[in-house]
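Take a look at the structure below.
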Amino acid sequence: MKHIYLDYNATSPVRPEVLEAMLPFYREQFGNPSSVHWAGRQVGGALEKAREQVAAFINASPAEIVFVSCGSEGDNMAIKGSLGALKEKGNHIITTTVEHPAVLETCQALEKEGFDVTYLPVDKDGQLNLDDMEKAITEKTVLISVMWANNETGNIYPIEEIGAIARKYNIRFHTDAVQAVGKVPVDVQKAKVDLLVISGHKLGAPKGVGAIYVRRGTRMTPLLHGGHQERNRRAGTQNMAGIVGLGLACEMAGAEQESYYHRVRALRDKLEDGVVALVPDIKLNGTPNRDQRLPNTLNVSFAYIEGESLLLNLDMYGIAASSGSACTSGSLEPSHVMGAMCVEVTLAHSSTRFSLGPETVPAEIDKVLEVLPATVQRLRDMSPLYNCGRTSDNCETCQTIKRI
Amino acid sequence: MYTDKVMDHFTNPRNVGEIEDANGVGEVGNASCGDIMKIFLKVEDNIIKDVKFKTFGCGAAIATSSMVTEMAIGKTIEEALELSNQAVAEALDGLPAQKMHCSNLAADALHEAIKNYREQNG
């Protein structure tokens, strides 16, 4: 059976060119870049080249790039490192209810330590109201943290406008850009961000490497102590092979940005149009304005059925997607993003995300559109909520589903 | 994550549907945790002659529903009341730990249907 991978927002395969570029750093170029001898000197240049590649990709200076182990580390470092450095200035963070857990749970942990956090709500399409943000600012506010794009819905947030608000009030601005980089243009100067986080494995580099952009002059307390690496900003011997891979992946993503956007967007639109045309009783999650969504992401709920059982059925055809169902998160609650958008609970359990990538081809979208309608129908025929015979007057679930 | 037996019952669920002249119907679960199971019974002479189910839920919810119908058919009411969620999970060679408390409700649904049968039939 052919595998159809439509879960690029979860992770992506390492690009062959990236892997090739990495391999020498496991073999002959094994040196520690901190060493003064030949083995160390051999790799120092590659480390700085990768830094330049990442910097150029987001319009930063190489000195502003710090290599880390993953997106979650970058987000932890941005938030905890800022709050640590700005302790005298204030103790208030503004973030949103739809952030990745790397940001949300870091903020929740800080709340336990006595920091104040405002979690901005979103509307039913997952959009922020920037007036709310401005009203939430107090003289104690030291950090605004808003993701560039949402991993579940693909919604792109107005980062430039948020950056302008942060500048106006002289507040530090962090953005988790893990889902945005490579998919839409990311420019730290235009966006006026102070801290921006990138994860390697979302854009064709391996897992275990990421980067954080730290604007020049942004004081941070380190998350990891124990070494002078990365200009004292992040201790630990650099993951040379991973860093070289990340650098090349960024360079390639930058060069292909436009062609990627148009190709993937066309395929996503074809999938979205097809699902809307072929499957009744569905709800699109996220903004209906496709220009304000990542070009590769479609999140849709199929009324009357549950997400995990749909994923397992699609998996039997080799199709890999993901779901906001509680069953796939290991908790009893469905996705917090669906909750923040006030998506009705059975629809939240059925939310299904298809995220395409540079390797996605039209035939794969055709295959999904071929098997999806019958698969959904098979599960609906099994569901006590579907055609349940109760009228919408006495069945709360039917009422809610009818409203979509 | 799931055993072969779970996947077998999930992909080829037994006894899906409704019984039109059912004399016992039970429903358990709730939408907020993502599992709703409905069991239909046809009881004759104290023996479960037919069982069907409809389930909204994950792979484990569908597989346990299917398994409980197989286990209940032919049993007396008293025997069926002895069936536990644990026994259903064991018959499927086990369920992942996180599914044991949320999606393992099929025996409860069966017991609800039996309760409904007894209420209807004195």
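Observations on the model:
- Single match in A:Asn91, A:Asn76, A:Asn59, A:Asn32 (criterion: surrounded by 14 or more Cβ atoms within 10 Å (Cβ to Cβ), within 17 Å of the chain's Cα centre (by Cα) and not charged (D, E, K, R)): A:Asn76
- Breaking point among (1) within 23 Å of A:His262 (Cα to Cα); (2) open to solvent by 30 Å² or more (accessible area, probe 1.4 Å), for A:Thr360: (2)
- The listed residue being in contact (Cβ under 8 Å) with a residue 12 or more places away in the chain and in a helix (DSSP H, G or I), out of A:Asp315, A:Asp269, A:Asp273, A:Asp291: A:Asp269
- Taking residues in the stretch A:242-258 that are surrounded by fewer than 24 Cβ atoms within 10 Å (Cβ to Cβ), and partners anywhere that are of a type in the set (Lys, Arg) and not in a helix (DSSP H, G or I), not one pair has Cβ atoms closer than 6 Å while being at least 6 places apart or on different chains.
- Filtered residues of the stretch A:136-174 (kept if surrounded by 22 or more Cβ atoms within 10 Å (Cβ to Cβ) and assigned to a loop (DSSP other than H, G, I, E, B)): A:Val146, A:Met147, A:Trp148, A:Asn150, A:Asn151, A:Glu152, A:Thr153, A:Gly154, A:Tyr157
- All of A:Val117, A:Val98, A:Val103 fail the test of being part of a helix (DSSP H, G or I) and in contact with a helix residue (DSSP H, G or I) (Cβ under 6 Å, 6 or more places away or on another chain), apart from A:Val103.
- When B:Glu78, B:Glu70 are checked against the criterion of being within 14 Å of the chain's Cα centre (by Cα) and acidic (Asp, Glu), a single residue qualifies: B:Glu70.
- Residues (within 12 Å of chain A (Cβ to nearest Cβ) and either outside any strand (DSSP E or B) or farther than 28 Å from A:Glu333 by Cα (or both)) located in the stretch B:10-24: B:Phe10, B:Thr11, B:Asn12, B:Pro13, B:Arg14, B:Asn15, B:Gly17, B:Glu18, B:Glu20
- Scanning the stretch A:175-191 for residues that are buried (at least 24 other Cβ atoms within 10 Å of the Cβ) and in contact with a Pro (Cβ under 9 Å, 6 or more places away or on another chain) yields a count of 2.
- Only one of B:Leu92, B:Leu105, B:Leu81 that is over 22 Å from A:Leu379 (Cβ atoms) and surrounded by 14 or more Cβ atoms within 10 Å (Cβ to Cβ): B:Leu81
Residue by residue, here is whether (1) touching a strand residue (DSSP E or B) at 6+ places or on another chain (Cβ under 8 Å); (2) within 14 Å of chain B (Cβ to nearest Cβ); (3) surrounded by fewer than 20 Cβ atoms within 10 Å (Cβ to Cβ); (4) not small (Gly, Ala, Ser) holds:
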residue	(1), (2), (3), (4)
A:Tyr304	yes, yes, no, yes
A:Asp315	no, yes, yes, yes
A:Gly339	no, yes, yes, no
A:Leu347	yes, yes, no, yes
A:Thr375	no, yes, no, yes
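- Any pair with Cβ under 7 angstrom, 6 or more apart, that starts in the stretch B:28-43 at a residue that is among the polar types (S, T, N, Q) and ends at one that is surrounded by 19 or more Cβ atoms within 10 Å (Cβ to Cβ) and assigned to a strand (DSSP E or B): B:Asn30/B:Ile36
- Residues that are of a type in the set (A, V, I, L, M, F, W, C) and open to solvent by 40 Å² or more (accessible area, probe 1.4 Å), drawn from the stretch A:259-277: A:Ala266, A:Val276, A:Ala277
- First in the stretch A:148-170 and over 17 Å from A:Arg265 (Cβ atoms), second anywhere and exposed (fewer than 15 other Cβ atoms within 10 Å of the Cβ), Cβ under 7 Å, 6 or more apart: A:Glu160/A:Lys190; A:Ile165/A:Glu134
- The set of residues from the stretch B:30-56 being assigned to a strand (DSSP E or B), closer than 19 Å to A:Gly324 by Cα and open to solvent by 20 Å² or more (accessible area, probe 1.4 Å) comprises just one member, B:Asn30.
- Of the residues contained in the stretch A:323-335, one or more are found to be at the interface with chain B (Cβ under 10 Å from one of its Cβ atoms), over 21 Å from A:Ala180 (Cα atoms) and either among the charged types (D, E, K, R) or assigned to a strand (DSSP E or B) (or both).
- Enumeration of residues in the stretch A:36-90 that are in a helix (DSSP H, G or I) and of a type in the set (Lys, Arg): A:Arg41, A:Lys49, A:Arg51, A:Lys80
- Within the stretch A:278-297, restricting attention to residues that are away from chain B (no Cβ under 14 Å) and either among the hydroxyl-bearing types (Ser, Thr, Tyr) or within 19 Å of A:Val345 (Cα to Cα) (or both), the residue that is most open to solvent (accessible area, probe 1.4 Å) is A:Pro280.
- Number of the condition not met by A:Glu308 [criteria: (1) in contact (Cβ under 8 Å) with a residue 24 or more places away in the chain; (2) facing chain B (nearest Cβ under 10 Å); (3) outside any loop (DSSP other than H, G, I, E, B)]: (1)
- Search result, residues across the stretch B:57-109 that are within 12 Å of chain A (Cβ to nearest Cβ) and assigned to a helix (DSSP H, G or I): B:Gly59, B:Ala60, B:Ala61, B:Ile62, B:Ala63, B:Ser65, B:Ser66, B:Ala97, B:Gln98, B:Lys99, B:Ala109
- Residue count for the stretch B:36-56, restricted to those that are within 14 Å of chain A (Cβ to nearest Cβ) and within 15 Å of B:Leu110 (Cα to Cα): 9.
- Looking across the stretch A:105-125, just one residue is crowded, with 18+ Cβ neighbours inside 10 Å and closer than 21 Å to A:Asn299 by Cα, and that is A:Val122.
- Complete set of residues in the stretch A:175-220 that are part of a strand (DSSP E or B) and under 29 Å from A:Glu359 (Cβ atoms): A:Thr175, A:Asp176, A:Val181, A:Val184, A:Leu196, A:Val197, A:Ile198, A:Ser199, A:Gly210, A:Ala211, A:Ile212, A:Tyr213
The values are calculated or read from the model by the stated rules, or taken from the named source; none is laboratory data. What you are looking at is a predicted structure, and each value in this text was computed from that prediction instead of being measured. Cβ: placed from backbone, ideal geometry, glycine included. Neighbour counts: every protein chain shown. Protein only, heavy atoms only, side chains kept; ligands, DNA and RNA dropped before computing areas. Shrake-Rupley method; radii C 1.70, N 1.55, O 1.52, S 1.80 Å.
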